[in-house]
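Since the structure comes first, as structure tokens, the remarks are kept for the end.
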């Protein structure tokens, strides 16, 4: 049996002015029998590794922490580390993971940035519960995944403690640190953006109600949003939390489709996770389609009109991508998003609304907090000829 991790307990101390992070990670793991095992971990300096409370030999190079210890059954691993976290640099997607803001920090790890800030089994199919303790200067707000269970002030610092009981993939773990205030309940933003944020996210609860009726109950205890004072290329979802840039706020709900998109990921991508990145259309196609569903329900363009516009756009782009099995460089290609959404719209038109949305509710209920593949969806949905033409042939179907 390969290594599995059931729980991460992370204790972090962050100093925004020097960008220095000190960490203690305790992993509860299990295996059948191993003489050594590896975790993904970036260039932060390790000062101690303990296995079941005893010092263990280790090597750390090239983003891999190899621990030489005989383990069997359930065991614990403790790693203490410190330094200035550096995001994982990639040619396809830029910098991923823990990164500096002008005042504070952001964690946006999808797909491979989690090792920039904690040692982990970095695979989308590996889910675990989390306990997150983050100490930062008291003027700063810390927002993490899950439920805030404690906020202890000690002198000039505050220790924020969050619990995420639902299983979570490593790329969805996040820590957001900044000088934020609550513009709306569980919506955090800089003071200067508070009024605009309150307007632009004012219909988010209505979105939750709509998606809960279409997909099944919201799958986590809490949903938070952080709007940074910096601009971001794109918003980023984490489990139970999404992060937007100042450029996604204009006081006119100009980015409301993105608000719907990131919220929909709580069902598609976070609760129902993917077993491997080649199944990414199950995350992004569903979230993109949710944009159209919100538009249709809120008095905007119908899903039919959104689909027609998306198909017209795709028709003018190269038709050389198989979205059901995209190569690494194309995991986040816009064609995966748009064609994935069109796949679902074609299926909806084939099945009819009642059967289609019953299928989505069954999909979310059956795989709640689990991981899935495209084959799992095909097996549940049927209509293989139609779905295969959209997912596994490069030419755009009628």
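The numbers here are math on the coordinates, done by the rules we state, and not lab data. Note that this is a predicted model, so its numbers are computed, not measured. Cβ sites come from the backbone with ideal geometry, for glycine too, and all protein chains shown count toward neighbours.
Data for the structure
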| item | result |
| --- | --- |
| The chain: angle of helix 303-315 to the longest principal axis, Cα-based, in degrees nearest 10 | 80 degrees |
| Distance between modelled label sites at residue 304 and residue 195, nm, 7 Å Cα→Cβ extension | 4.1 nm |
| Distance between region 219-287 and region 14-29 - C-alpha centres, whole angstrom | 25 Å |
| Region 270-314 residues near the modelled residue 353 label - backbone nitrogen below 11 Å, point 7 Å along Cα→Cβ | 297, 303 |
| Inter-site label distance for residue 103 and residue 9 at 7 Å from Cα along Cβ, in nm | 3.5 nm |
| FRET efficiency for residue 325 and residue 33, using Cβ-Cβ distance with R0 set to 25 Å, rounded to 0.05 | 0.15 |
| Cα→Cβ-extended label distance, 7 Å offset, between residue 383 and residue 231, nm | 4.0 nm |
| Taking region 180-266 and dividing mean pair separation by its residue count, relative contact order in percent (alpha carbons under 8 Å, at least six apart) | 30 percent |
| 19 Å cut-off, amide nitrogen to a point 7 angstrom out along residue 212 Cα→Cβ, residues in region 360-379 | 360-366, 368-369 |
| Contact order normalised by residue count of the chain, Cα under 8 Å, 6+ apart, percent | 12 percent |
| The chain: antiparallel DSSP beta bridges as a percent of all, rounded to 5 | 85 percent |
| Region 85-160-region 44-61 distance, computed between alpha-carbon centres (Å) | 21 Å |
| Length-normalised contact order of region 84-184 in % [C-alpha pairs under 8 Å, at least 6 apart] | 29 percent |
| Helix 204-215 axis, angle to the chain major axis (alpha carbon atoms, nearest 10°) | 70 degrees |
| Helix axis angle, 281-297 relative to the chain longest principal axis, alpha carbon, degrees | 60 degrees |
| Region 1-30 residues near the modelled residue 72 label - backbone nitrogen below 20 Å, point 7 Å along Cα→Cβ | 1-5, 29-30 |
